[in-house]
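What follows is one structure encoded as structure tokens, with my remarks underneath.
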Amino acid sequence: MRTSTFGSTGRSVSIIGQGTWYIDEGHRARAVDALRRGLDLGMNHIDTAEMYGDGAAERVVGEAVRGRRDEVFLVSKVLPQHASRKGTLNACERSLKALGTDRLDCYLLHWRGSHPLEETFAAFDALQRDGKILSYGASNFDVADLEEALAVAGPGRLACNQVLYHLQERAIEHAVIPWCERHEVAVVAYSPFGHNDFPEPDSVGGRLLAEIAEARGATPRQVALAFLTRKPGLYAIPKASTAAHAQDNAGAGGLVLSDTELARIDSAFPRGPEPNYLPMI
């Protein structure tokens, strides 16, 4: 599993991590097994949020990392409606309790809301001073949001920006990724297979992924993940519902595509014009 220094944190984090949105608490043992198998395979970046299942995902993650906490780069998020200074402090305490840990490696504002960033980041700073979070960042921030965050937090304080990014949604390549590269902010791709939007096998793009996968002894999804994490500072957090699925995701961590393969995928999945808004789900 390849790793890369995560933004300004100095931490070595797997380029392929583990997402938990829509994790199936109805099959808790299976979900825990999948997360633990991912850790066994080097996927040390586990992402969750208070929103996911109203805390259920955090409880599943807490069970999965029990006894292995020091192996994990653990990330959670505060909902924007909770992101006042006091609300953020309280939300973090709830997340820590659900996760069964005394700290988060990174804490994110899930998306922009009505509370000023000054309040949210003041809470983040307080949590960091107390050792309850080790770094902080954002999710679903466009360039204007990132500029405001930089002005409020100061240089080198924003660890990452977690955004929608998959082969058929490449809008962040226009401005968000270049901004993050300039400011040493990690870019984390959520829903990297799309939300029920992975290329169909009989589509032009699907056939290309299958061709490259066959030549490389890989799977089409591994090829997709390798493309999304092709540059330093890019990470992806696919969800796995089973241990076998986690193993397939982890297989992308050692796959480095050639320039020719990257160009062919780029052509098959054009990024399109820059939109007027940042896509998110």
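The values are calculated or read from the model by the stated rules, or taken from the named source; none is laboratory data. Quantities reported herein were computed from a predicted structural model and do not represent experimental measurements. Virtual Cβ from ideal backbone geometry, glycine too; neighbours counted across all protein chains shown.
Out of segment 4-23, which residues are outside any strand (DSSP E or B), of a type outside the set (S, T, N, Q) and surrounded by 17 or more Cβ atoms within 10 Å (Cβ to Cβ)?
Scanning segment 4-23 gives Phe6, Gly7, Arg11, Ile15, Gly17, Trp21, Ile23.
In segment 70-88, how many residues are under 18 Å from Ala126 (Cβ atoms) and either of a type outside the set (S, T, N, Q) or at pLDDT below 95 (or both)?
So the count comes out to 7.
Please enumerate the residues belonging to segment 12-29 that are modelled with pLDDT of 95 or more and of a type outside the set (Ser, Thr, Tyr).
Of everything in segment 12-29, those that are modelled with pLDDT of 95 or more and of a type outside the set (Ser, Thr, Tyr) turn out to be Val13, Ile15, Ile16, Gly17, Gln18, Gly19.
Every residue in segment 213-236 that is of a type outside the set (D, E, K, R) and more than 28 Å from Thr5 (Cβ to Cβ), please.
Restricting attention to segment 213-236, the residues satisfying the condition of being of a type outside the set (D, E, K, R) are 213, 215, 217-220, 222-229, 232-236.
Ala213, Ala215, Gly217, Pro220, listed by residue number.
Can you spot a residue in segment 174-196 that is among the aromatic types (Phe, Trp, Tyr), in contact with a strand residue (DSSP E or B) (Cβ under 7 Å, 6 or more places away or on another chain) and at pLDDT 95 or above?
Checked segment 174-196: at least one residue is among the aromatic types (Phe, Trp, Tyr), in contact with a strand residue (DSSP E or B) (Cβ under 7 Å, 6 or more places away or on another chain) and at pLDDT 95 or above.
Scan segment 257-281 residue by residue and report those that are more than 30 Å from Arg112 (Cα to Cα) and either among the charged types (D, E, K, R) or free of Cβ contacts under 8 Å to residues at least 40 places away in the same chain (or both).
Ser258, Asp259, Thr260, Glu261, Leu262, Ala263, Arg264, Asp266, Ser267, listed by residue number.
Just one of the numbered conditions (1) over 25 Å from Val176 (Cβ atoms); (2) of a type outside the set (Val, Ile, Thr); (3) surrounded by 19 or more Cβ atoms within 10 Å (Cβ to Cβ) is not true of Ala138; which one?
The single condition Ala138 does not satisfy is (1).
Counting only residues that are touching a Cys at 6+ places or on another chain (Cβ under 9 Å) and within 18 Å of Thr9 (Cβ to Cβ), how many does segment 105-123 have?
The total comes to 3.
If the requirement is being in a helix (DSSP H, G or I), among the hydrophobic types (A, V, I, L, M, F, W, C) and surrounded by fewer than 20 Cβ atoms within 10 Å (Cβ to Cβ), which of these qualifies: Ala64, Ala57, Ala29?
The conditions single out Ala29.
Which of (1) surrounded by fewer than 21 Cβ atoms within 10 Å (Cβ to Cβ); (2) of a type in the set (S, T, N, Q); (3) under 21 Å from Leu117 (Cβ atoms) is the odd one out, the single condition Gln162 does not satisfy?
Unmet for Gln162, out of (1) surrounded by fewer than 21 Cβ atoms within 10 Å (Cβ to Cβ); (2) of a type in the set (S, T, N, Q); (3) under 21 Å from Leu117 (Cβ atoms): (1).
Quick one: in segment 185-215, which of the residues that are touching a residue at least 24 places away in the same chain (Cβ under 8 Å), more than 17 Å from Pro275 (Cβ to Cβ) and over 16 Å from the mean Cα position of the chain (by Cα) is surrounded by the most Cβ atoms within 10 Å (Cβ to Cβ)?
Across segment 185-215, the extreme among qualifying residues is Leu209.
In the set Ser8, Ser95, Ser76, which member is touching a Gly at 6+ places or on another chain (Cβ under 7 Å) and either without any contact (Cβ under 8 Å) to a residue 40 or more places away in the chain or small (Gly, Ala, Ser) (or both)?
Ser8
Given the structure, is Glu169 touching a residue at least 24 places away in the same chain (Cβ under 8 Å), in contact with a Pro (Cβ under 6 Å, 6 or more places away or on another chain), more than 25 Å from Gly10 (Cα to Cα) and surrounded by 15 or more Cβ atoms within 10 Å (Cβ to Cβ)? Step through it out loud before you land on a result.
Values: touching a residue at least 24 places away in the same chain (Cβ under 8 Å): yes; in contact with a Pro (Cβ under 6 Å, 6 or more places away or on another chain): yes; more than 25 Å from Gly10 (Cα to Cα): yes; surrounded by 15 or more Cβ atoms within 10 Å (Cβ to Cβ): yes.
Yes.
Identify, please: which residue in segment 134-152 is touching a residue at least 40 places away in the same chain (Cβ under 8 Å) and of a type in the set (Ser, Thr, Tyr) and is, among those, nearest to Glu173 (Cα to Cα)?
Ser139
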